[in-house]
Every structure is written in structure tokens, then in C-alpha cells.
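Asker: Take this structure, written in C-alpha cells, and hold onto it; I'll ask about it next.
The values are calculated or read from the model by the stated rules, or taken from the named source; none is laboratory data. As the structure is a prediction and not an experimental result, all values here were calculated from the model. Note that we place each Cβ from the backbone using ideal geometry, even for glycine, and neighbour counts take in every protein chain shown. Calculation scope for accessible area: heavy atoms of the full protein, side chains included, ligands and nucleic acids excluded. Shrake-Rupley method; radii C 1.70, N 1.55, O 1.52, S 1.80 Å.
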Amino acid sequence: MRKSKAKLPVQISILTVDDDPIITSTIKNYFERSGYDVDIENDPVAAIERVRNGKYDIMLLDFLMSPICGDQVVEEIRKFNKDLFIVLLTGHKSMAPPVKTIRQLDIQGYYEKDDRFDQLELWVESCVKSIKQLRTIRAYQEDISKAYMQTIDTLRYVVETRDSETRGHSERVSRLAAAIAEEMGLGIDDVEMIRTAGLFHDIGKVGVPDSILLKNGPLTSDEFGQIKQHPSVGEKMLSTYSPFSKLLPIVRGHHERLDGRGYPDGLVDAEICIGAKVIAVADSFDAMVSNRTYRKGLGIDKATDELLKCKGGQFDPDVVDAFFRLMNRLGKEEFMKTYCEHICGSEDAE
């Protein structure tokens, strides 16, 4: 046993897997004296579920086992866990899987069993160093992410508080767009992406002057030209944060039209991503039923008539159909309470 046995400064959990209980017990006793948390599993199939349902940093895995071998265990684990550090244990070097297999399965190394565990401990210590570095990086990334999200949320809040009539607009668009996406049968990831894009679709308006954003009357062509920049400005703002990369075409494209008459790029139909098409319907509906400085809300009947009128030209037919299925299932009154609570009970809701 190596002399350095100081208590670990960080908690590291190990799962040792071997169909020989004597070997797993020996490994457990050895590494627990070094401060590691060690669990034992003698069934390789059960080991897969232990990893799926537990939280382990390192696996010490025997290669030749029954009913399945170690490389098969790793292959299954890598389907749902890419982070686990794995050291493969072999009875003899010649019995180890080929290097190509070790690389493909992202196995950190292999250890030839003997009476001493010095070499195995070196492998574990190498894994621990990498784990500590990854934890430091992820903690730093989480701090940066939180700070960035706080900044973006603040900017979004600034946009909406500049105009009391649009306050809460992004939250309502987000909620309605996600419901439409679910109605369309989109996957969970797509629904969540659309929900998030709804929150930030108008973030680019932070750069629009108050004299334009709050103007009580029609906009000039130059003023509307500045308004039309907000999707591309929003895209640029969000592009500095890599987790938002999938949101960018949604934010940039939420004012595009199927007939090519939208902005900023004049895209047509298939060129517009489905997320942007969904946001376009939710955004337009909320804008139509809401009061503005230059007009009162249209009310649900006039707003839905407009959606039907623009179906196939401005709006995607599948998205509009999903909107109406959602509304018809809930009923107009419940629909407005759920997605347009800011005007619920007012004459504009009629």
C-alpha cells in the first residue's frame, strides 16, 4: 500500500464491480482507508442500474464476468452516462479488449490484477485529478451562466417596464407558445426551447428608443425600420451565451412570414424554423388582444378571425390549427383566463 493516505479534500464515490466477492471486498477495504466512498456490485447487469440510479464518480470494472463482460457493461452505461470515469480490471494484459474498443467506449484505462493495488491507486488518483478539474470548470460555468441569465432577465424586464401596456407580454407568449407546441406533438426538448425563446423573443427591443417604442400613433418608415432590427439585435445579444445557440433562429425569425414578406431576412415557409412559426402566432395573438397606446385590444373573436385570415400567408397552417384545437378544448373563457389574464374580465375579452 502506498504511504500517502491523507483524507480526500473532495468527496469521491467509487463503484467496484466484479463477479468475485472477494475481489470487490478487498478493493473496497483498500480504497476506503484512503477516504473514498466505495460500493460493491457483483452482478454486472445490476451494476448498470446502480449507475443509472446512483451518483458515482469512478467505476472499477472487471472485464471477464458472467452473464456479460465489462465492455458490454460500459457500452450500456455510455448510452446514458458520459461522465463516469471507468478503469477496466483484467486478469492478464492479453485478455484486455483492443485499444480501439477502449477509446470508443471512453474507458480511462485498464489495470492488470495483482496482489498490490499501487498501480490501480495511481489510475484512481489520475481520475480524481480530472474530476476535480471538471468540477471546478462546471462550478465556474454555472456562476457565469447565472450571472448572464440575471443580466438577460434584467434587460428583458427593462424592455417591458418601459411600456406598462406590454408588461408581461413575453411571459404570456412563452406560456402560449409552449402550449401550442405541445398541442402540435413536438418533443419535450423542442417545447422547452420554444418556451425559453418566448421569454426572450423581444430582448432586442432594448435598443429601440422610447420615442419609437412608446409612440402614440403610426410609425414612419424609418421608425419602423428601427423596430424591424430588434430580432437581429436580440439574436446577437443571445449569441454570446452558448446554451442559447438553439434559440437564435427562433428569436431572429419570429417576425418572418410564410409568404416571404416578413423581416429581417424575408424567409419563406420551409426556411423558417418551426419554433419561430409557433412564436409568431403566440406573439401576434397576444399583441392583438392587448391594449396599446394607439388602439384598444381587438378582443378574442377579431383576433382569431385575423389568425384565420392570415393562415397560409403570414402564419403556418399547422400552428394555427393547433392554436384553435387548444382554444376549442379549453373554451374561449378558460383559454383567455389561462393565456391572457391581463385582459380577462375586461370588455376586450369579449
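Asker: Round to a whole number: what % of the accessible area of the chain belongs to carbon and sulfur, probe 1.4 Å?
Answerer: 51
Asker: Provide the three semi-axes, in whole Å and in decreasing order, of the ellipsoid equivalent to the chain as defined by the square roots of 5 times the Cα gyration tensor eigenvalues.
Answerer: The three semi-axes for the chain are 58, 22, 18 Å.
Asker: Next question, about the same structure. Testing the spin-label approximation: label points 7 Å from Cα along Cα→Cβ at GLN133 and ARG292. State their distance in nm.
Answerer: 5.5
Asker: Mind checking the angle between helix 21-32 and the chain's longest principal axis? C-alpha axes, 0 to 90 degrees, to the nearest 10.
Answerer: 70
Asker: 222 nm [θ] for the chain, helices only, -39500 (n - 2.57) per DSSP H run of 4+, per residue, to 500?
Answerer: -16000 deg cm²/dmol
Asker: What is the angle, in °, between the Cα long axis of helix 300-309 and the longest principal axis of the Cα atoms in the chain? Nearest 10 is fine, range 0 to 90.
Answerer: 80
Asker: With Cβ to Cβ distances under 12 Å as the rule, what net charge do the other residues near LEU64 carry (K, R +1; D, E -1)?
Answerer: Computed value for this residue: -4.
Asker: Among rounded, prolate and oblate, which fits region 220-293 when a ≥ b ≥ c are the square roots of the eigenvalues of its C-alpha gyration tensor, a/c under 1.5 means rounded, and a/b larger than b/c means prolate?
Answerer: The shape class here is rounded.
Asker: With a 1.4 Å probe and all protein chains kept in place, how much accessible area does GLU183 have, in Å² rounded to the nearest 10?
Answerer: Surface open to solvent at GLU183 totals about 40 Å².
Asker: Taking only C-alpha pairs under 8 Å that are 6+ residues apart, what is the relative contact order of region 197-274 in percent?
Answerer: Averaging sequence separation for qualifying contacts and normalising by length gives 27 percent for region 197-274.
Asker: For the chain, give the share of DSSP beta bridges that are antiparallel, in percent and rounded to the nearest 5; count only bridges with both residues there.
Answerer: 10
Asker: Grab region 7-166 and count how many Lys pairs have their alpha-carbon atoms under 22 Å apart, sequence gap of 8 or more, or different chains.
Answerer: Pairs that pass both the separation and distance tests number 19.
Asker: Based on the Cβ-Cβ distance from LYS302 to ILE144, what FRET efficiency comes out when R0 is 41 Å, to the nearest 0.05?
Answerer: Once the sixth-power term is evaluated, E becomes 0.35.
Asker: As I understand it, the value is the acute angle between the Cα axis of helix 169-183 and the longest principal axis of the Cα atoms of the chain; what does it come to in degrees, rounded to 10?
Answerer: Between helix and principal axis, roughly 70 degrees.
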